[in-house]
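J.: Structure provided below as structure tokens; questions to follow.
The values are calculated or read from the model by the stated rules, or taken from the named source; none is laboratory data. Predicted model only: the values in this text are computed from it and were never measured. Here the Cβ positions follow ideal geometry from the backbone for every residue, glycine too, while neighbour counts run over all protein chains shown. Only protein heavy atoms, including side chains, enter the accessible area calculation; ligands, DNA and RNA are left aside. Shrake-Rupley method; radii C 1.70, N 1.55, O 1.52, S 1.80 Å.
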Amino acid sequence: MKIIELRAENVKRLKAVSITPDGTLQVVGGRNAQGKSSVLDAIWLALGGGKAGKSTAMPIRDGEDHASVTLDLGDLVITRSWTQSGTTLKVTSADGAAYSSPQKMLDALVGRLTFDPLEFTRLSAKEQRDALIGLVDLPVDIDELDRKRADLFAERTSVGQQGKRIGDVTVDPSLPEDETSMSDAVAALRDAEQKASAVLEAKQNLDEAVRQLELAQEHAARCKASIEQLGDAPDPAPLAARLETLEEENQRIRANNAERQRAAERDKLRETYSGLTEAIEALDQQKRDALAGASFPVAGLGFDETGVTYQGVPFSQASSAEQIRVSLGMAMAANPDLRVIRIMDGSLLDDDAMTAIREQVTERDFQLWIERVGDADEGAVIIEDGEIR
């Protein structure tokens with residue numbers, strides 16, 4: 001759909017105009033403060049509803065009590081009227097049938113960039129990125145992937161910092177993990193000493209029995225049996241020597257076990273860090289795959305975490321001609337049904353830019369309404385004091 005006829009009365013600076021565009025490019029010219037911008041604003045006011053009203057608090061011409069805009073789009077006729085008490089909207093089909101929810105229907109038809117595609121060049125990097133994402137059919141939620149990646153990255157950073165705090169560890173594999181009980185060692189020493197004392201006493205008894213063999217033969221036999229039962233006397237000296245070094249050995253065991261624990265904690269953190277790295281790489285790959293399969297409205301267009309890119313570089317670094325071509329392409333992709341575009345401040349465009357815009361709009365079969373200061377453009381509608389000259 002394109003604009004077949006525009007009629008506006010008392011809209012902003014306009015008194016009454018009726019414009020039937022001829023061709024693809026409709027220039028609205030004239031001197032400053034004569035109403036040429038009001039013509040393009042009238043198109044946006046008719047279609048944009050509340051969104052347009054926020055930027056135009058006073059659509060009624062100063063001194064008048066009503067205003068109206070009628071757009072004939074062929075398949076649709078849109079009429080919006082204003083009085084001091086409010087606004088009304090009527091949308092009818094070509095056969096005269098009225099739509100019950102006219103603004104909802106228009107909202108589905110109209111994209112903001114369509115009515116000033118060069119506004120895209122003035123958006124922030126994040127706003128440009130959001131606008132582009134809205135036009136691309138992706139199998140994943142890019143913002144959700146970025147949020148998940150940021151969470152994983154923060155967690156991985158924390159894990160890495162914990163690992164650095166642990167530092168280097170030194171584990172002696174020759175030391176056991178369990179310490180030797182001091183009480184057990186003392187008990188063993190006492191047992192050895194008691195046994196050695198018993199053997200010594202038995203030997204002394206044997207010597208005494210030998211000397212008194214005639215008187216104590218029976219006693220000697222019992223002592224001999226006792227010796228045989230007790231066996232050889234253990235040497236307590238090694239146990240006593242080990243007891244002296246036992247605490248030092250246990251301290252080494254405790255220190256070594258602490259190193260084992262730090263090593264285990266470090267290895268666990270390294271494993272967690274590697275897992276998080278793999279998760280981040282998986283998200284990055286998922287995002288790359290999604291972007292690789294996406295169909296962008298302009299060849300070479302894309303985006304990263306910071307904003308929109310064109311031919312692999314930030315959009316803000318593209319030439320003015322490239323920015324205009326990309327912005328027009330996005331506006332066209334946003335509204336395949338309503339094939340109307342407006343450009344404010346068209347006087348800022350040089351002849352080369354105008355030629356490129358005319359070619360792009362003609363090639364894509366769109367209709368462009370553009371405001372230009374002066375009356376030098378061929379086929380321009382010149383507005384003077386709110387009316388067509």
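J.: What are the residues in segment 216-255 that are surrounded by 15 or more Cβ atoms within 10 Å (Cβ to Cβ) and hydrophobic (A, V, I, L, M, F, W, C), if any?
T.: Across segment 216-255, the qualifying residues are Ala216, Ala220, Cys223, Ile227, Ala233, Leu239, Leu243, Leu246, Ile253.
J.: For Asp284, indicate whether it is surrounded by fewer than 13 Cβ atoms within 10 Å (Cβ to Cβ), in a helix (DSSP H, G or I) and at negative phi. Can you show your working first?
T.: Values: surrounded by fewer than 13 Cβ atoms within 10 Å (Cβ to Cβ): yes; in a helix (DSSP H, G or I): yes; at negative phi: yes.
Yes; evaluated as a whole, the condition is true for this residue.
J.: Might you check whether a residue that is in a helix (DSSP H, G or I), open to solvent by less than 50 Å² (accessible area, probe 1.4 Å), touching a Lys or Arg at 6+ places or on another chain (Cβ under 6 Å) and over 23 Å from Met332 (Cβ atoms) occurs anywhere in segment 256-272?
T.: No, segment 256-272 has no match at all.
J.: Looking only at segment 270-305, count every residue that is at pLDDT below 85, more than 17 Å from the chain's Cα centre (by Cα) and among the acidic types (Asp, Glu) and tell me the total.
T.: 0
J.: May I pose another question? Can you pull out the residues in segment 157-186 that are modelled with pLDDT under 85 and part of a helix (DSSP H, G or I)?
T.: Within segment 157-186, Met182, Asp184, Ala185, Val186 qualify.
Residue by residue, here is whether (1) more than 30 Å from Thr355 (Cβ to Cβ); (2) at pLDDT 90 or above holds:
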site: Ala16; (1), (2): yes, yes
site: Leu25; (1), (2): no, no
site: Gly35; (1), (2): no, yes
site: Asp41; (1), (2): no, no
site: Ser68; (1), (2): yes, yes
site: Arg80; (1), (2): yes, yes
site: Gln84; (1), (2): yes, no
site: Thr92; (1), (2): yes, yes
site: Ala108; (1), (2): yes, no
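J.: So the check is Cβ under 6 Å with 6+ separation or different chains; which pairs have a first residue in segment 137-156 that's modelled with pLDDT under 90 and a second one that's in a loop (DSSP other than H, G, I, E, B)?
T.: Between residues of segment 137-156 that are modelled with pLDDT under 90 and residues that are in a loop (DSSP other than H, G, I, E, B), the close pairs are Leu138/Ala294.
J.: How many of the residues in segment 310-353 are in contact with a helix residue (DSSP H, G or I) (Cβ under 6 Å, 6 or more places away or on another chain), hydroxyl-bearing (Ser, Thr, Tyr) and open to solvent by 20 Å² or more (accessible area, probe 1.4 Å)?
T.: Adding up the residues that qualify gives 0.
J.: Can you tell me which residue in segment 124-180 is most open to solvent (accessible area, probe 1.4 Å), limited to those that are in contact with a Lys or Arg (Cβ under 8 Å, 6 or more places away or on another chain) and within 25 Å of Pro336 (Cα to Cα)?
T.: Val140
J.: Can I ask one more? Of everything in segment 219-245 that's under 18 Å from Asp184 (Cβ atoms), assigned to a helix (DSSP H, G or I) and of a type outside the set (A, V, I, L, M), which residue is farthest from the chain's Cα centre (by Cα)? Show your work before the answer.
T.: If we filter segment 219-245 for residues that are under 18 Å from Asp184 (Cβ atoms), which is where we start, we get 234, 236, 238-245.
Checking which are assigned to a helix (DSSP H, G or I) leaves us with 238-245.
Keeping just the survivors that are of a type outside the set (A, V, I, L, M) gives 238, 242, 244-245.
Working: Pro238: 69, Arg242: 64, Glu244: 64, Thr245: 61 Å.
Within segment 219-245, the match that is farthest from the chain's Cα centre (by Cα) is Pro238.
J.: Do the conditions hold for Leu213, that is, is it outside any helix (DSSP H, G or I) and surrounded by 10 or more Cβ atoms within 10 Å (Cβ to Cβ)? Walk me through how you get there before you give the answer.
T.: On the way: outside any helix (DSSP H, G or I): yes; surrounded by 10 or more Cβ atoms within 10 Å (Cβ to Cβ): yes.
Spelling it out, Leu213 is indeed outside any helix (DSSP H, G or I) and surrounded by 10 or more Cβ atoms within 10 Å (Cβ to Cβ).
J.: Continuing with the same structure: Restricting attention to segment 340-376, and to residues there that are assigned to a loop (DSSP other than H, G, I, E, B), acidic (Asp, Glu) and modelled with pLDDT under 85, which single residue is farthest from Arg31 (Cα to Cα)?
T.: Asp350
J.: Quick one: which strands (runs of 3 or more DSSP E) lie wholly within segment 1-85 and hold at least 2 residues that are under 21 Å from Ala376 (Cβ atoms) and not hydroxyl-bearing (Ser, Thr, Tyr)?
T.: Per the criteria, 16-19, 25-30.
J.: Looking only at segment 44-66, filter to residues that are modelled with pLDDT of 90 or more and touching a strand residue (DSSP E or B) at 6+ places or on another chain (Cβ under 6 Å); which one of those is least open to solvent (accessible area, probe 1.4 Å)?
T.: Going residue by residue through segment 44-66, those that are modelled with pLDDT of 90 or more are 60-66.
Right, trim to touching a strand residue (DSSP E or B) at 6+ places or on another chain (Cβ under 6 Å) and you get 60, 66.
On the way: Ile60: 23, His66: 71 Å².
Checked segment 44-66; the qualifying residue least open to solvent (accessible area, probe 1.4 Å) is Ile60.
J.: Another question about this same structure. Give me the pairs, please: first residue somewhere in segment 243-260 and more than 15 Å from Ser174 (Cα to Cα), second residue anywhere and in a helix (DSSP H, G or I) and open to solvent by 50 Å² or more (accessible area, probe 1.4 Å), beta-carbon distance under 7 Å, and either six or more positions apart or on two chains.
T.: The qualifying pairs are Leu246/Met182.
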